[in-house]
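*Asks:* Input: one structure, supplied below.
The values are calculated or read from the model by the stated rules, or taken from the named source; none is laboratory data. Here the structure is a predicted model, which means the values were calculated and not measured. Cβ placement follows ideal geometry from the backbone for every residue including glycine, while neighbour counts extend to all protein chains displayed. Only protein heavy atoms, including side chains, enter the accessible area calculation; ligands, DNA and RNA are left aside. Shrake-Rupley method; radii C 1.70, N 1.55, O 1.52, S 1.80 Å.
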Amino acid sequence: MAKIVCVLYDDPVTGYPPNYARDDIPEITEYPDGQTAPTPSAIDFKPGALLGSVSGELGLRKFLEEAGHELVVTSDKDGANSTLDKELPDADIVISQPFWPAYMTAERIAKAKNLKMIVTAGIGSDHTDLQAAMDNNVTVAEVTFCNSISVAEHVVMMILSLVRNYIPSYQWVVKGGWNIADCVERSYDLEGMHVGTVAAGRIGLAVLRRLAPFDVKLHYTDKHRLPEDVEKELNLTFHPDVESMVKVCDVVTINCPLHPETEHLFDDAMIGKMKRGSYLINTARGKICDRDAVVRALESGQLAGYAGDVWFPQPAPKDHPWRTMPHHGMTPHISGTSLSAQTRYAAGTREILEDFFAGKPIRDEYLIVEGGKLAGAGAHSYTAGDATKGSEEAAKYRKAG
Ligand code: NDP
């Protein structure tokens, strides 16, 4: 029987919700590329429930305990003596979500002598030291595609919010003002602008598709080129590298994974190559951008706005400069954890666990590391090495109260 340690974010400050704003959510059975949504044998939750916080338990307790396994759920994941650290030595499986990541460093993996699998309930396994997982023969799996469309919707929202200056305008209303000139002195139309995505994978391509009706000029760069018919359909301009794309774009959205190749890709030099007054939207991973370079660019006017929901570390300390920098539209890491997305990744996590316990192969598209090497989706999108670290930084959030 296995011990499963599941790290989830805290319940709402008002307590676990007794009811919800809506009574149902649309049922999604297939993704745009034909991949089927998760297919566990059953689920023990109502679609649309809050599953990603501690009391939601990803809907896993009944299933795991009936099969005789032990489930430990905690939000206490960072700093010395965290519950995660205490539970690790005899844990077989660790589950966490990128929104509130259990930073599975080489030290933690070394300490977890029984560890067989790390599951990302979501997409993006950069919070696990993939090199250490490979070296210790630990399987890493994530729920590919579960929230890619959720994020694409968030990206479109953030692009429009920045370009049209939505957030400051909303704030004028709340403050009781009618300050039209104050609202519009930084407000533009998106129509006609050049918008480019770094990576046109599941999220990047969905962003391009959603933006096409806005009559913008679309650009992308990626390690692999999209099929010709897609390029034609969306009238895409392909760039062989990030530098050549950012030079011509008014809006840049980042949609690649964080791995050694993309860490700090957007530093002073790269941001300096962008058009003055560009907007940068990063819902991929905080560390793809150099934290202080972003602040400097907003202060100097090189960037007209920066938005996203990914930070480093997570949770971000209270004094993280992205909370207070000018012209930003940051949220906590929420784009991929809408109630709609939670339904899919909770079901996907259960599917992965069911296959694992039954000794059946985990879907190839869910695999990041298996048998000591990058596998499945991981072999396609990641590079070997480590871009983790962060537990010590993240501990500052709790300490600062
Ligand atoms: P995909 O694997 O479908 O797409 C990733 C794309 O990035 C692939 O097309 C890949 O190229 C490309 N890529 C990898 N490295 C580079 C590079 N150095 N330069 C250019 N392109 C590169 O994943 P998704 O689109 O579903 O997700 C992308 C990322 O978004 C995740 O890894 C995660 O970090 C983040 N994410 C954020 C969420 C949130 O809540 N904010 C939720 C979900 C994901 P190729 O495959 O052609 O080799």
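*Asks:* Do we find that His327 is more than 15 Å from the ligand (Cβ to nearest atom), at pLDDT 95 or above and either closer than 30 Å to Ser187 by Cβ or over 15 Å from the mean Cα position of the chain (by Cα) (or both) in this structure?
*Replies:* Taking the combined requirement at face value, the residue satisfies it.
*Asks:* Please find, among Asn136, Asn165, the residue that is among the polar types (S, T, N, Q), under 30 Å from Asp85 (Cα atoms) and open to solvent by 10 Å² or more (accessible area, probe 1.4 Å).
*Replies:* Going through Asn136, Asn165 in turn, the sole match is Asn136.
*Asks:* Look at segment 117-157 and say how many of its residues are away from the ligand (no atom under 12 Å from the Cβ), assigned to a loop (DSSP other than H, G, I, E, B) and in contact with a helix residue (DSSP H, G or I) (Cβ under 8 Å, 6 or more places away or on another chain).
*Replies:* 3
*Asks:* Within the bounds of segment 266-281, is there any residue that is within 15 Å of the chain's Cα centre (by Cα), crowded, with 16+ Cβ neighbours inside 10 Å and modelled with pLDDT of 95 or more?
*Replies:* For segment 266-281, residues within 15 Å of the chain's Cα centre (by Cα), crowded, with 16+ Cβ neighbours inside 10 Å and modelled with pLDDT of 95 or more: present.
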